[in-house]
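Novice: Mind having a look at this structure? Questions to follow.
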Protein chains: 2
Amino acid sequence: MTKKLSIRDIGRELGISITTVSFILNGKAKEKRISAALTEKVLKFVEEVNFKPNMMAQGLRTGKSKIICLMVEDISNNLLFAQVARLIEEEAHNKGYRIIYCSTGNKKEKALELIRLFRDRSIDGYIITPPEGIENEVQSLINEGIPVVLIDRNLPKLKCSHVVIENLNSTHEAINHLISNGFKNIAFVTLDSDQTQMADRLAGYEKAVSEHGLKSYVKKLGFHESPDLNINEIVSFLDENRDIDAVFFSTNYIGVWGLQAIKILNLLIPKDIAVISFDDQDLFKFYSPSITVVAQPVPHISNHIIKLMLNALEEKDTTVHEIVLPAKLIVRESSALKNA
Amino acid sequence: MTKKLSIRDIGRELGISITTVSFILNGKAKEKRISAALTEKVLKFVEEVNFKPNMMAQGLRTGKSKIICLMVEDISNNLLFAQVARLIEEEAHNKGYRIIYCSTGNKKEKALELIRLFRDRSIDGYIITPPEGIENEVQSLINEGIPVVLIDRNLPKLKCSHVVIENLNSTHEAINHLISNGFKNIAFVTLDSDQTQMADRLAGYEKAVSEHGLKSYVKKLGFHESPDLNINEIVSFLDENRDIDAVFFSTNYIGVWGLQAIKILNLLIPKDIAVISFDDQDLFKFYSPSITVVAQPVPHISNHIIKLMLNALEEKDTTVHEIVLPAKLIVRESSALKNA
DNA sequence: AAAAAATGCTAAATCGATTTAGCGATATTT
DNA sequence: AAATATCGCTAAATCGATTTAGCATTTTTT
């Protein structure tokens with residue numbers, strides 16, 4: 001309840017100028033030749049009265065807000081993003097940064113609107129899962145010297161730091177696993193999207209299938225608001241292609257829809273149809289049968305993201321870092337040996 | 001790339017004082033008797049050059065940061081919190097507020113540390129899922145006139161606005177549902193915690209059980225870091241009480257642990273043991289059998305939270321609002337009529 | 001017609017920090 | 001001993017907004 005302290009109060013209390021206090025608080029005591037004795041005294045006093053500089057004033061003067069924006073597809077929709085949010089939070093706090101979040105719903109317009117909303121609002125850095133079509137806005141952030149780290153997917157037209165996983169290789173490996181377990185008519189259900197992560201997963205599928213001379217069954221879902229419409233699309237697709245004996249869902253919520261579709265069709269996993277989904281989650285681990293997944297190394301990913309961001313912010317590192325991390329095939333019951 | 005505009009530039013450009021510009025931008029034109037013509041002219045110009053006031057400067061002068069802190073247990077652990085985060089985000093943005101988040105892990109020390117970190121950092125308001133023992137810090141926020149809305153649970157020692165659900169009644173209803181479906185030895189698995197939401201759920205259980213003269217089986221789990229230890233505790237509990245024919249899990253992650261425990265014990269749901277869990281999620285909906293749950297009205301809850309917060313911030317409404325919303329029993333396969 | 005009130009606008013102080021330029025005292029060099 | 005350098009610290013400008021007090025005019029009242 002005591003009135004808020006300012007650097008001016010500190011100076012008055014100790015009989016010194018605010019300049020000196022500021023230098024000491026910013027670790028410039030040595031550089032500015034403030035005596036060790038005075039430095040010590042000020043730091044001790046500041047500690048005692050628990051003085052915290054006013055961030056607004058600091059921000060106004062320095063032009064830095066110490067705020068990082070985390071722009072994800074939907075923080076409530078994809079556990080991956082919530083987990084990343086959780087993991088980067090602590091490290092950011094340790095370095096004195098706060099994180100604000102926002103969700104684009106994977107909509108270009110929403111993303112543009114949000115970037116424009118935050119622009120000129122002194123956000124120090126952006127961590128973004130970019131929808132397609134926001135290249136220009138991202139580029140202009142970069143042009144202004146604002147650090148941007150893209151995550152989950154890349155914008156290939158841009159030279160911009162990003163942290164993604166080996167989508168092609170890991171999908172390739174997963175499809176090969178199905179093939180070596182005896183499945184021959186393997187379907188790939190994905191979104192009708194050109195985003196790099198989706199394109200790479202599809203490429204991994206196509207590669208494996210063509211290497212083994214198998215037929216390719218690809219279903220690209222439209223963007224329906226309602227899950228039910230998506231489930232219906234999957235039901236129709238599987239129903240019209242009864243020779244399919246295995247299916248790969250290219251992302252976790254498609255996986256969830258897929259399981260429902262399979263339940264509706266009354267198919268048995270893996271006897272009638274084997275299943276692998278991208279992204280692990282409780283549902284897949286505890287489902288009966290448990291579902292084989294390609295799991296992303298979330299802590300590893302998060303570490304890289306926040307390291308890149310903090311490095312760009314604190315060390316003014318403007319190098320473009322392209323981090324590609326391996327994903328892991330976790331084999332469970334849903335992809336067991338055919339007819340075993 | 002054009003240098004950032006300030007209110008001063010606007011004034012210079014139009015040949016008027018910054019005072020006038022400021023009044024107009026703050027909607028005080030009428031009140032301050034600025035002519036309609038000039039007001040129009042300024043607004044048009046501001047629109048044209050896309051001027052956005054510097055939030056740091058505004059914040060420094062007004063003492064308001066336009067930032068709300070959302071402090072949850074774990075944004076990645078409980079879908080409820082991620083969903084709330086998502087739903088309050090847009091409304092907050094509409095009113096010009098940003099949301100920063102942080103996770104307490106339900107630890108008192110972490111919560112205190114975070115509040116202290118953000119204190120004196122000009123956060124305009126706090127939305128908190130409070131662990132026990134942070135009453136004093138919350139009270140001192142309130143004393144300073146900073147709006148606080150507690151969510152998911154209450155701190156009964158405090159007069160503080162909160163948004164919770166009818167934990168007692170909804171649990172009572174769920175247990176009654178089990179009873180009327182023929183179950184007699186109903187267990188209640190919860191956390192060893194005095195938090196109000198947990199206490200109320202337990203009270204709802206005890207009430208139903210005692211009203212029907214049934215035996216009470218309550219298991220309070222310790223706080224283990226590892227899920228496996230919790231699962232083991234549930235396994236032992238169920239194994240030592242083989243007469244239990246139904247179990248209520250008091251929160252969603254306990255529900256997930258419980259399902260695993262039941263799988264380990266090779267019990268059939270609902271034949272060997274009926275199951276109800278608090279909080280709905282995909283896993284419960286799609287599980288085989290599907291799991292009966294007490295579902296929270298997440299959009300409804302979120303609406304109330306952000307309304308309360310914005311009202312306190314914008315209208316200076318200091319009334320204590322105690323919002324208690326109904327929860328909904330969603331009956332699924334896991335609680336089907338005994339021996340049906 | 002003089003006094004009072006309303007109109008339309010602005011000068012300047014202020015919020016709390018950072019940072020540039022520089023001042024007086026002591027120490028070192030020549 | 002005078003000139004120079006170093007030491008230890010500070011005055012004042014600045015960031016970009018808000019807000020109080022008030023100054024000319026014009027209009028209304030008496």
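Novice: Tell me yes or no: at least one residue of region A:67-87 is within 16 Å of DNA strand D (Cβ to nearest atom) and assigned to a helix (DSSP H, G or I).
Specialist: no
Novice: Another question, if that's okay. Please go through region A:1-12 and pick out each residue that is open to solvent by less than 60 Å² (accessible area, probe 1.4 Å) and hydroxyl-bearing (Ser, Thr, Tyr).
Specialist: Matches in region A:1-12: A:Ser6 only.
Novice: I would also like to ask the following. Is there a residue in region A:87-97 that is basic (Lys, Arg), open to solvent by 10 Å² or more (accessible area, probe 1.4 Å) and facing chain B (nearest Cβ under 9 Å)?
Specialist: Within region A:87-97 (the criterion being basic (Lys, Arg), open to solvent by 10 Å² or more (accessible area, probe 1.4 Å) and facing chain B (nearest Cβ under 9 Å)), the answer is no, since none of the residues qualifies.
Novice: If I ask for residues that are part of a helix (DSSP H, G or I) and surrounded by 10 or more Cβ atoms within 10 Å (Cβ to Cβ), which ones from region A:30-43 would you list?
Specialist: Of everything in region A:30-43, those that are part of a helix (DSSP H, G or I) and surrounded by 10 or more Cβ atoms within 10 Å (Cβ to Cβ) turn out to be A:Leu38, A:Thr39, A:Glu40, A:Lys41, A:Val42, A:Leu43.
Novice: Follow-up question, since we're still on this one. Is it fair to say A:Lys4 is facing chain B (nearest Cβ under 10 Å), within 13 Å of DNA strand C (Cβ to nearest atom), charged (D, E, K, R) and part of a loop (DSSP other than H, G, I, E, B)?
Specialist: On the way: facing chain B (nearest Cβ under 10 Å): yes; within 13 Å of DNA strand C (Cβ to nearest atom): yes; charged (D, E, K, R): yes; part of a loop (DSSP other than H, G, I, E, B): yes.
For A:Lys4, the condition - facing chain B (nearest Cβ under 10 Å), within 13 Å of DNA strand C (Cβ to nearest atom), charged (D, E, K, R) and part of a loop (DSSP other than H, G, I, E, B) - is met.
Novice: What pairs come up if the first residue lies in region A:45-74 and is hydroxyl-bearing (Ser, Thr, Tyr), the second is open to solvent by 30 Å² or more (accessible area, probe 1.4 Å) and not in a helix (DSSP H, G or I), and their beta carbons are under 6 Å apart, counting only those six or more places apart or on different chains?
Specialist: Here the result reads none, with nothing in region A:45-74 linked to a residue that is open to solvent by 30 Å² or more (accessible area, probe 1.4 Å) and not in a helix (DSSP H, G or I).
Novice: Take the residues of region B:98-113 that are open to solvent by less than 10 Å² (accessible area, probe 1.4 Å) and more than 8 Å from chain A (Cβ to nearest Cβ): which is farthest from the chain's Cα centre (by Cα)? Talk me through it step by step, then tell me what you get.
Specialist: Step one: filter region B:98-113 for residues open to solvent by less than 10 Å² (accessible area, probe 1.4 Å), giving B:99-104, B:111.
With the extra rule that they be more than 8 Å from chain A (Cβ to nearest Cβ), the set shrinks to B:104, B:111.
On the way: B:Thr104: 13, B:Ala111: 15 Å.
Filtering first and then ranking leaves B:Ala111.
Novice: Of all residues being acidic (Asp, Glu) and open to solvent by less than 40 Å² (accessible area, probe 1.4 Å) in region B:44-77, which is nearest to the other protein chains (Cβ to nearest Cβ)? Just the residue, please.
Specialist: Per the criteria, the residue is B:Asp74.
Novice: Out of region B:13-29, which residues are away from DNA strand D (no atom under 11 Å from the Cβ) and either surrounded by 12 or more Cβ atoms within 10 Å (Cβ to Cβ) or within 17 Å of B:Met56 (Cβ to Cβ) (or both)?
Specialist: B:Glu13, B:Leu14, B:Ile16, B:Ala29
Novice: Closer than 23 Å to A:Pro289 by Cα, open to solvent by 10 Å² or more (accessible area, probe 1.4 Å) and free of Cβ contacts under 8 Å to residues at least 60 places away in the same chain: does that describe A:Ser180?
Specialist: yes
Novice: Same structure again: Just a yes or no: is a residue in region A:310-322 in contact (Cβ under 8 Å) with a residue 12 or more places away in the chain, open to solvent by less than 20 Å² (accessible area, probe 1.4 Å) and of a type in the set (Val, Ile, Thr)?
Specialist: Within region A:310-322, not a single residue is in contact (Cβ under 8 Å) with a residue 12 or more places away in the chain, open to solvent by less than 20 Å² (accessible area, probe 1.4 Å) and of a type in the set (Val, Ile, Thr).
The values are calculated or read from the model by the stated rules, or taken from the named source; none is laboratory data. For clarity, every value in this text was computed on a predicted model and none was experimentally measured. Heads up, the Cβs are rebuilt from the backbone with ideal geometry, glycines too, and the neighbour counts pull from every protein chain shown. For accessibility, only protein heavy atoms count, side chains too; no ligands or nucleic acids. Shrake-Rupley method; radii C 1.70, N 1.55, O 1.52, S 1.80 Å.
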